1. Could you grab the pairs with beta carbons closer than 9 Å, sequence gap of 6+ or different chains, first residue in region 131-154 and within 16 Å of the ligand (Cβ to nearest atom) and outside any strand (DSSP E or B), second one among the basic types (Lys, Arg) and open to solvent by less than 20 Å² (accessible area, probe 1.4 Å)?
2. Can you tell me how many residues within region 262-301 are more than 9 Å from the ligand (Cβ to nearest atom), outside the structural domain of residue 428 (by TED's automatic domain parsing) and farther than 25 Å from residue 233 by Cβ?
3. Just checking, which of 368, 335 is away from the ligand (no atom under 16 Å from the Cβ), surrounded by 19 or more Cβ atoms within 10 Å (Cβ to Cβ) and within 19 Å of residue 408 (Cβ to Cβ)?
4. Test residue 193 against the criterion of being under 28 Å from residue 329 (Cα atoms), more than 16 Å from the ligand (Cβ to nearest atom), in contact with a helix residue (DSSP H, G or I) (Cβ under 8 Å, 6 or more places away or on another chain) and touching a residue at least 24 places away in the same chain (Cβ under 8 Å), and give yes or no.
5. From (1) part of a helix (DSSP H, G or I); (2) of a type in the set (Lys, Arg); (3) more than 16 Å from the ligand (Cβ to nearest atom), pick out the condition that doesn't hold for residue 110.
6. Name the strands (runs of 3 or more DSSP E) wholly within region 3-81 that hold at least 1 residues that are free of Cβ contacts under 8 Å to residues at least 40 places away in the same chain?
7. Within region 410-433, count every residue that is touching a strand residue (DSSP E or B) at 6+ places or on another chain (Cβ under 9 Å) and either touching a residue at least 60 places away in the same chain (Cβ under 8 Å) or more than 23 Å from residue 350 (Cα to Cα) (or both).
8. In region 306-322, what residues are near the ligand (Cβ under 8 Å from one of its atoms) and open to solvent by less than 30 Å² (accessible area, probe 1.4 Å)?
Amino acid sequence: MKIAVAGTGYVGLVTGVCLAENGHFVTCVDIDNKKIALMKQGVSPIYEPGLDELMKKNIDKLNFTTNYKDAYKQADVIFIGVGTPEKQDGSANLGYVYGVAEQIAQSIEKDCIVVIKSTVPIGTNDKIESLIKNKLINNVRVAVVSNPEFLAQGTAIRDTLHASRIVIGAEESYAGEILKEVYKNFNAPILVTNRKSAEMIKYASNDFLALKISFINEIANLCEDIGANIEDVALGMGYDRRIGNRFLNAGIGYGGSCFPKDTKALHWLANFHDQELKTVKAAIDVNENQKLKLIKKSRKYFSSFNGLNVAILGLTFKPGTDDLREAPSLVNIPIMLEDGASIKAWDPVGVKNFKRIYPNEVMYCTSIEDTLKDADVCFIFTEWEEIKHFELSKYCDLMKKPLVIDGRNCYDLNSVKKANIIYDSIGRQRVVSLEPELV
Ligand code: UDX
């Protein structure tokens, strides 16, 4: 089928490339000329493992352009995958989605379906369909179908090619059938429902996962006080298939482009309908606090950061991405800087983006060793594999005082006990394994 995709961010580009991998001819549209030039060479403008390779492999089935009219006019199916950033009041900014919808109305010259992949508030698909139908300049049949995206950054290709489910929200059955045809080579369960239910499935799924994380983080905080170990607790819970063992990793809170935004958006929507989603509100509040957990812990060791050499390992909101959106590093580092810390930081891919925000205030290192050299304290914000496999004895060898405050539970406590360090993590007992002369 001839497919056009609006937007070449995580959702749009990954969707386009995976559709090409499944035999479709796909034109990806973006307003950014530089990005288009890059993608034409098979280079992804975003860091996503496996994406470059898949783009290059399918380059004969992929086209990249800023000329939306040409892309939309003869397409059988047009996917909208542009951003819906959070507005000041927590609601979703739909400006980009509406902008693309208008362009579609003014471009299409044959019957087609428009598929909304962007996460949009419940009821938006209806509004987009009305907008397109009102602004059409040619006499064509068009239907809007909701098809929410469940990909996670870092595993986006796998999550799309081997999706847990494909949700299709259609008001007219013919439109749902066309989208089923698009996905016929994908080996995933397909759920066809109405548009509002499809929109709700996306929000409810993300908010449930966010809630699961905030729940385990609260239990972790209590474990620290009562002397329990959160990892064993999560393991014990996870054996129960009704609970499941995923998304029970305690840490310094969730970040990224979805959970923070989607929890706030659904909460906002409920308020708009005179309801309060108390569980979602709790997930949001717990997460805000959790992001500051390491700074609170550090108060046990020193009252101020003034004059301290601080080593930061990990800047991105999670491993496998260069994305900093809602990353705990962005909340913690400004506080430390304001308090007089000298900061050295390491991240395998996030430095370029972090440097845009803090070009001079932080010293960026290319190795974990350089970052730790002469540090008074080390904070771990992201569980990169390089950090998890870092030899623990080096903390003692390199740091002025080997105090490691780990927000992602990168190390098991038995290994830490042999490492000659002070190690404080989330939901587990603190380990002080220092030689007496170092204490
Ligand atoms: C998420 C959803 O997983 C995906 O289905 C949706 O389409 C978009 O939002 P993403 O934001 O890319 O994907 O990352 P994810 O792996 O879900 O992690 C989100 C945040 O939760 C990260 O900050 C991560 O560190 C945190 N997290 C995740 C935990 O703190 N504990 C966990 O057990 C899992």
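1. 147/117; 148/117; 148/202; 149/117; 149/202; 150/202
2. 14
3. Selected residue: 368, the only one of 368, 335 that is away from the ligand (no atom under 16 Å from the Cβ), surrounded by 19 or more Cβ atoms within 10 Å (Cβ to Cβ) and within 19 Å of residue 408 (Cβ to Cβ).
4. Values: under 28 Å from residue 329 (Cα atoms): no; more than 16 Å from the ligand (Cβ to nearest atom): yes; in contact with a helix residue (DSSP H, G or I) (Cβ under 8 Å, 6 or more places away or on another chain): yes; touching a residue at least 24 places away in the same chain (Cβ under 8 Å): yes.
Judged against the criteria, residue 193 is not a match.
5. (1)
6. Details: elements: 25-29, 62-65, 77-80.
In region 3-81, 25-29, 62-65 are the strands (runs of 3 or more DSSP E) which contain 1 or more residues that are free of Cβ contacts under 8 Å to residues at least 40 places away in the same chain.
7. Counting residues in region 410-433 that are touching a strand residue (DSSP E or B) at 6+ places or on another chain (Cβ under 9 Å) and either touching a residue at least 60 places away in the same chain (Cβ under 8 Å) or more than 23 Å from residue 350 (Cα to Cα) (or both) gives 13.
8. Listed by number, the residues that qualify are 317, 321.
The values are calculated or read from the model by the stated rules, or taken from the named source; none is laboratory data. All values derive from a computational prediction rather than experimental measurement. Because the Cβ atoms are built from the backbone with ideal geometry, glycine has one as well, and the counts that use them run over all protein chains shown. Heavy atoms of the whole protein, side chains included, go into the accessibility calculation; ligands, DNA and RNA do not. Shrake-Rupley method; radii C 1.70, N 1.55, O 1.52, S 1.80 Å.
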